Amino acid sequence: MFHDECGIFGVSGNVDAARLTYLGLYSLQHRGQESAGIVTWNGETAFQHRAMGLVSTVFDEEVLDKLPGSLAIGHVRYSTTGQSQLVNAQPLLVRFQGGPLAAAHNGNLVDAETLRARLEAGGSIFRTTTDTETILHLIANAYSRRGGRATADITEVLTEALASVSGAYSILFQIDGCLVAVRDPRGYRPLCFGKLESGGWAVASESCALDIVGATYEREIEPGEILVFGPKGPTSSRLKGGGTPESFCIFEYIYFSRPDSMIRGVSVDSVRMALGRNLARECPVEADIVISVPDSSNSAAMGFSDQSGIPHAIGLIRNHYIGRTFIQPKQSLRNFRVRIKYNPVKDTLAGQRVVVVDDSIVRGTTSRQLVRMLRRAGAKEVHLRVASPPIRFPCFYGIDTPTREELIASASSVSEIGEFIGVDSLGYLSNEGLLASVPPQKETYCTACFDGSYPHEEAHLLGSRTGAFEIEDAKPTGREIR
Ligand code: SF4
C-alpha cells in the first residue's frame, strides 16, 4: 500500500480558529498519522502546538485553550522527506524580518536538495530536514530583497520565492497576519476552500474536511493560484509559470482521497465506482461473490459487482485501530500486521469462487497474505482484480513509495505477479480504463507511477541519481491525456 502524504487545513476570520482546525484535521487524518500540529495568530503573537501521533492524542481541551486567535493553520503528516521526528512536524513556525511565518505543506519539492545546498553555501542554517524549510528561507530572502515589512507586498514575495522551486506543493502560510493558500502550477495535490457558517473562511486538502466544520464549498484553489485571505475576504493572484500543463495526481482518485470528497467537481466515490465498472468490463471472470479489501477498495468493488452482476459481499473485516506505530521494518512482522488488520468472514467465503477487488498492488506481499487468508477461510477460488494499472515507478511528488526494485510490477509480468500472490487469476485495469474513469476534463493528470512519464525534468534526474530507475526507463513529459 502506498502511504498518504500530508493533510492541511486553515481558518481565517473566526474566533474558534484552533478548534475548527482541530476538527478539520480529524477529517484529514487518513492523509497522515505520524504527527499533527496547529499554529494560530491572535494579531500580536503566534502560538504553536505540535506532537507525534494522531490528532486525537495530540490535542485536548487544555492544548486548544492555549491556541488563541482567529487565524489558524494545521497539518497532519506522513514523512516523505525528512525523518519522522518532532522537529520535522508541521506547521513549521519561524520568526523573520516580517514577523512570525508559519507553513503547512502537502507535497514534495523535486529540487529540494539542490536548493538547500545553495542556501547552506550562502550561510543559511536549517533546523529540520524537510523541504518545507527551504521555502521559508526563500521567502525570507525575497522579503529582505524588498526592504522588509514596510514595503514588501506579500504576493510578490511569495511569487518570487516560489518561482525558484520545482515540484508539488499545496501550502498554507500564516504570514503578515494573513492566511495564504498556494498551489503549485501543475496542481499535483488537491486544495479547496469554503465559507464558514459561523463566519470566516476555511481551506482544506479535501472537501470532506470543509463539510465537518460547516463550511460551504466555494471552489478548488487553481493550480498556480495564490489566495490571500485578508479582512475583505480572499483575493486571488497567480504564480509565475502560467501555461504550465496540469499534472493532478491520479492516485488521489484511486486511493489517497476520501470517497466523500469532491475533486474537480466529481465525488471520489463515483470515480472509484467507475474504476470498478471498467475493471469488470476489461477483466471479466466467473465467480460467486465480489469482495473488497476494505476500506479504500469498497467503491471499486461495488462498481465491479454492479457491472458484472456478481453479488457484492463483505468478505474481509478491517480493524480500524491499527496505527502507524504498529509498522515494523522486519518482513516477518509486516506479515503479522496483515493478519491484525484484516480478518476474513468465514461463513461468507466458504466454498465460494471469490473476486477480490483491491485499489493497487505495491510490493505484492500484502496481497499474498490476504489471498492465503481467504483460502484458509474456505474460498474455493480467488481471483484478484486491481482497480489501477501496475505500479512500475516510484513517486517524487509527496507520496511514500518503495524503491523501484521493491515495486513488484517493475520487473515482473502480470502472470508472474499472479503466481507470487497465489491467485487463480489476476487482472489489472488498463491505463486507458483508468483515464476513462476519471473526469474527462482537458487538464492533464500525473500518471508517472504507472508509465514513468514524470512531468518534471528534475524528478527524472532524481530517479536516475538515486538509482530508482535507469535513465532510459522514464521520460519527462507534460503530455495532454485528453
Ligand atoms: S507519481 Fe503517481 S502517486 Fe506520484 S503524483 Fe504521480 S500519479 Fe500521484
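Coordinate-derived values only; no laboratory data. No experiment lies behind these values; they were computed from the predicted model shown. For neighbour counting, all protein chains shown are included, and Cβ atoms are generated from backbone atoms with ideal geometry for every residue, glycine included.
Give the shape of segment 221-267 as rounded, prolate or oblate, defined through the alpha-carbon gyration tensor: a ≥ b ≥ c are the square roots of its eigenvalues, a/c under 1.5 means rounded, and otherwise the shape is prolate if a/b is larger than b/c and oblate if not. Oblate is the answer for segment 221-267, as a/c is 1.5 or above yet b/c matches or exceeds a/b. Tell me which trypsin sites (Lys or Arg not before Pro) from segment 343-446 have a DSSP coil assignment and no more than 15 other beta carbons within 10 Å of their own. Taking segment 343-446 and a limit of 15 other Cβ atoms within 10 Å, the loop trypsin sites (Lys or Arg not before Pro) found are 380, 442. For the chain, the 222 nm mean residue ellipticity estimated from helices alone, with every DSSP H stretch of n ≥ 4 adding -39500 (n - 2.57) and the total spread over all residues, rounds to -8500 deg cm²/dmol. For the chain, there are no membrane-span-like helices by this rule, meaning no whole DSSP H stretch whose C-alpha atoms cover at least 30 Å of axis and whose Kyte-Doolittle mean is -1.0 or above; this says nothing about an actual membrane.
For segment 224-264, the set of trypsin sites (Lys or Arg not before Pro) satisfying both a DSSP loop assignment and a count of at most 10 other C-beta atoms within 10 Å is given as 232. Taking a sphere under 13 Å around the Cβ of residue 59 and counting the other residues whose Cβ falls inside, with K and R at +1 and D and E at -1, yields a net charge of -1.
From the alpha carbon centroid of segment 418-432 to that of segment 365-399 is 8 Å. Taking the fewest neighbouring Cβ atoms within 10 Å as the starting point, the ordered list for 281, 31 is 281, 31. Summing Lys and Arg as +1 and Asp and Glu as -1 over all other residues whose Cβ lies under 10 Å from the Cβ of residue 261 gives a net charge of -4. Put a plus charge on the Cβ of each Lys and Arg, a minus charge on the Cβ of each Asp and Glu, and nothing anywhere else: the dipole of segment 271-440 about its Cα centre is then about 680 debye.
Taken over segment 6-244, the ratio of Cα radius of gyration to 2.2 N^0.38 Å equals 0.91. The fraction of all Cα pairs in the chain landing in successive 10 Å bins from 0 to the largest distance is 4, 20, 30, 25, 14, 5, 1, 0, given as whole percents. Evaluated with a Cβ-only charge set (Lys, Arg +1; Asp, Glu -1), the chain carries a dipole of roughly 680 debye about its Cα centre, given to the nearest 20.
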